[in-house]
Amino acid sequence: MPDHNHDPLAWWREARFGLFIHWGIYSVPAGFWKGQPIPSLGEWIMHNAKIPLEEYAPLAQQFNPAKFNAEEWVSVAAKAGMKYLVITAKHHDGFAMFHSPSNPYNIVDATPYGHDVMKDLAEACARHGLRMCFYYSQDQDWAAEGASGHWEEVQDKGWHGHKPDPERFAAYLESKVKPQLRELLTQYGPIGLIWFDTPVAITKEQSQMLKEYVHSLQPDCLVSGRVGHELGDYGSLGDNMIPAGPVVGDWETPATLNDTWGFKSDDHNWKSVQDLLILLVDLTSKGVNYLLNVGPTSEGLIPQPSIDLLLAIGRWMDVNSEAIYGTQPNPWPFEFRWGRVTAKQNKLFLLFYEWPAMVLGRVHEDSNRPGGWAGQHELLGLRNRVKRAYLLADPENALPFIQDGDRVTISLPGVAPDPLVSVVVLDFEDALDVDTSIYQQADGTVTLPGYLAEMLKGPDSGMALSRNGMVSGWKDTASKLQWQFKLLTPGTFTVKVVLGSPYHRRPPDGGHVLRLTAGEATVSGAVTCDEQVQSPRAQYFPEYAGTLGQITLDAPGTITVALEAEQIAGEAGITLAAVQLVPA
Ligand code: JFZ
């Protein structure tokens, strides 16, 4: 009998957190060629330094990772709380990091090391309960004739925008890609997924063919979204991309610990533990998997700063992983300023980036805890009856709380259980039921995200919601955005507009003139991009906040807000993350 409940994505959704490994012979030059630092990604050095294959291929003879120890690598991943491992079996340089009987340009046949590291890694993964997975560059292969970016073709035709001849590309898929996929899916036991990448030349039929080929060899093996043409078993967001709001379907974000994937000896731009935890929590609250990368050296070592960061995440996971694994996304369609929310069965996890401050004079009476109950957190919009509140770091001791309608006020210890991200759990009755309309938060702010706006588009407007949740391509003054929210506490508010950027790692154009109308009040002005939003997710896709002015809203109730553009600066139009009303 076929098992209709069998879902090959179940383990992947449960996992939430995986280790990416970019390892290849590019770790020998480690970002330098002929003494010169080569900008950009370490694994792209052959392309970026325009190295002919006859000079690049001999790097294999210098590749001798004597210190490689699969058990050590996988135990670091396991301690970090990661549940799957994706390693570059073949990156764009075309060199196979596994034993490939069909092609001699591989780690066993072309290096003095002569050992199949993937065998060891697959065994170590099995011991530690991680899923073994492979990255495989199916489209770009700078060493294979007919593939995208083949070094000889790009040398004649220029190193950018090369499109291979369709017939020769198809022949490359048959002669190199399929035999190697067969090897990867037959030599190492069960494989969790194949992480295809950079679909540029591949046709829809070829993407479908590769997906079916993988499934014919291992029916449960997933294929990543970058197989092309949106045919993946799950989707891949942009590198280091954190969507601004909820996403529909299964997604994963690949991300770096510094600024490169493959090892570069001069990249020391490590993210902080706090940033990494916030990225993990932020992605999890949106139901997006986090695939976090290390780039080992040519000696076979994961750089020590990477190990230290992963182990620090692991110490947090030891206490708090219940708020991550197998969770449902935030049931509210918006983010909170204080942190993020995940859910699982009859539990709601509140993950605080900022621990609620002391509330003087409102310290709870029945305290027997050292330090007392010094802070309070108000959560609005939960309609379920709360049975119990506690810290995930201290499940034995209940936290006092009061529930009044859909307002829950929880008393918290003065000192956060974790200095970076602390988790409060609410056990509730019945199926989760929250107010998903937009309402003023307990701290008085109102956030109107782009992805919750009604888009009232002018004729031929290019306004659309981008895949990271921002309103983009707003180039016409005939279009506008509209929201409704519930105002609980009237007052005067500063109106802030948060803009995303249509450009990678560059600020957006400033100087749009916008008009905001909220009920009877209206304010207009030019939005400048002077205040860069400091948040870990805005590191690669910057966000800027500008102030439009102030408005006064004098009665509680449902308020309609409209945002219109009187003047739009620049070619790319407006990219809008959110409008915020902050009590003045
Ligand atoms: C690709 C590779 O070129 C790179 O070397 C690395 O392996 C990375 C994980 O993937 O680079 C990409 C591919 C897609 C996007 C960005 C970088 N994207 O969709 O934003």
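The values are calculated or read from the model by the stated rules, or taken from the named source; none is laboratory data. Given the structure is predicted, the values throughout are model-derived calculations rather than measurements. Note that we place each Cβ from the backbone using ideal geometry, even for glycine, and neighbour counts take in every protein chain shown.
General observations
- Any hit, the stretch 297-307, residues being within 16 Å of the ligand (Cβ to nearest atom) and either in contact (Cβ under 8 Å) with a residue 60 or more places away in the chain or farther than 27 Å from Phe352 by Cα (or both): no
- For Lys79, the stated conditions hold: it is under 19 Å from Pro305 (Cα atoms), buried (at least 17 other Cβ atoms within 10 Å of the Cβ), among the basic types (Lys, Arg) and touching a residue at least 40 places away in the same chain (Cβ under 8 Å).
- Test: residue in the stretch 277-288 that is touching a residue at least 12 places away in the same chain (Cβ under 8 Å), surrounded by fewer than 19 Cβ atoms within 10 Å (Cβ to Cβ) and outside any loop (DSSP other than H, G, I, E, B): no
- Glu454 being at pLDDT below 95 and either surrounded by fewer than 20 Cβ atoms within 10 Å (Cβ to Cβ) or hydrophobic (A, V, I, L, M, F, W, C) (or both): no
- Residues in the stretch 65-79 include at least one that is over 14 Å from Pro296 (Cα atoms), within 20 Å of the chain's Cα centre (by Cα) and either assigned to a helix (DSSP H, G or I) or away from the ligand (no atom under 16 Å from the Cβ) (or both).
- Residue list for the stretch 232-253, restricted to those being assigned to a loop (DSSP other than H, G, I, E, B) and touching a helix residue (DSSP H, G or I) at 6+ places or on another chain (Cβ under 9 Å): Gly232, Asp233, Tyr234, Leu237, Asn240, Met241, Ile242, Pro243, Ala244, Gly245, Pro246, Asp250
- Residues that are within 20 Å of the chain's Cα centre (by Cα), under 30 Å from Glu396 (Cα atoms) and of a type in the set (Lys, Arg) are absent from the stretch 310-319.
- The stretch 231-253, residues that are closer than 21 Å to Pro333 by Cα, within 15 Å of the ligand (Cβ to nearest atom) and out of contact with any Gly (no Cβ under 8 Å at 6 or more places or on another chain): Leu237, Met241, Ile242
Residue-wise test of (1) more than 14 Å from Gly570 (Cβ to Cβ); (2) at pLDDT below 90.
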residue: Asn468; (1), (2): yes, yes
residue: Trp474; (1), (2): no, no
residue: Leu481; (1), (2): yes, no
residue: Phe485; (1), (2): yes, no
residue: Gly491; (1), (2): yes, no
residue: Gly500; (1), (2): no, no
residue: Pro508; (1), (2): no, yes
residue: Thr517; (1), (2): yes, no
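- In the stretch 140-193, residue surrounded by the fewest Cβ atoms within 10 Å (Cβ to Cβ) [restricted to those that are away from the ligand (no atom under 16 Å from the Cβ) and among the β-branched types (Val, Ile, Thr)]: Thr186
- Ala60 vs. criteria at pLDDT 95 or above, touching a Ser or Thr at 6+ places or on another chain (Cβ under 7 Å) and in a helix (DSSP H, G or I): yes
- Candidate set from the stretch 10-20 (those that are part of a strand (DSSP E or B) and more than 11 Å from the ligand (Cβ to nearest atom)); member that is surrounded by the fewest Cβ atoms within 10 Å (Cβ to Cβ): Phe17
- Residue that is within 16 Å of the ligand (Cβ to nearest atom), without any contact (Cβ under 8 Å) to a residue 60 or more places away in the chain and surrounded by 21 or more Cβ atoms within 10 Å (Cβ to Cβ), where the choices are Ser207, Ser137: Ser207
- Meets criteria (assigned to a loop (DSSP other than H, G, I, E, B) and within 22 Å of the chain's Cα centre (by Cα)) for Met82: yes
- Residue list for the stretch 82-110, filter: surrounded by fewer than 21 Cβ atoms within 10 Å (Cβ to Cβ) and either of a type in the set (Val, Ile, Thr) or within 16 Å of the ligand (Cβ to nearest atom) (or both): Val108
- Test set (1) part of a loop (DSSP other than H, G, I, E, B); (2) crowded, with 16+ Cβ neighbours inside 10 Å; (3) away from the ligand (no atom under 16 Å from the Cβ); (4) free of Cβ contacts under 8 Å to residues at least 24 places away in the same chain - Gly114 fails condition number: (2)
- The set of residues in the stretch 254-294 being within 16 Å of the ligand (Cβ to nearest atom) and touching a helix residue (DSSP H, G or I) at 6+ places or on another chain (Cβ under 6 Å) consists of Leu257, Thr260, Trp261, Gly262, Phe263, Lys264, Leu279, Tyr290, Val294.
- A count restricted to the stretch 32-50 and to residues that are within 25 Å of the chain's Cα centre (by Cα) and either hydroxyl-bearing (Ser, Thr, Tyr) or away from the ligand (no atom under 13 Å from the Cβ) (or both) stands at 2.
- For first residues located in the stretch 233-244 and more than 17 Å from Arg13 (Cα to Cα), partners that are at pLDDT 85 or above and part of a loop (DSSP other than H, G, I, E, B) and lie 6+ apart or on another chain with Cβ distances below 6 Å form the pairs Pro243/Lys286; Pro243/Gly469; Ala244/Gly469; Ala244/Met470.
- Helices (runs of 4 or more DSSP H) contained entirely in the stretch 124-230, each with at least 2 residues that are closer than 30 Å to Ala78 by Cα and out of contact with any Phe, Trp or Tyr (no Cβ under 7 Å at 6 or more places or on another chain): 178-186, 204-217
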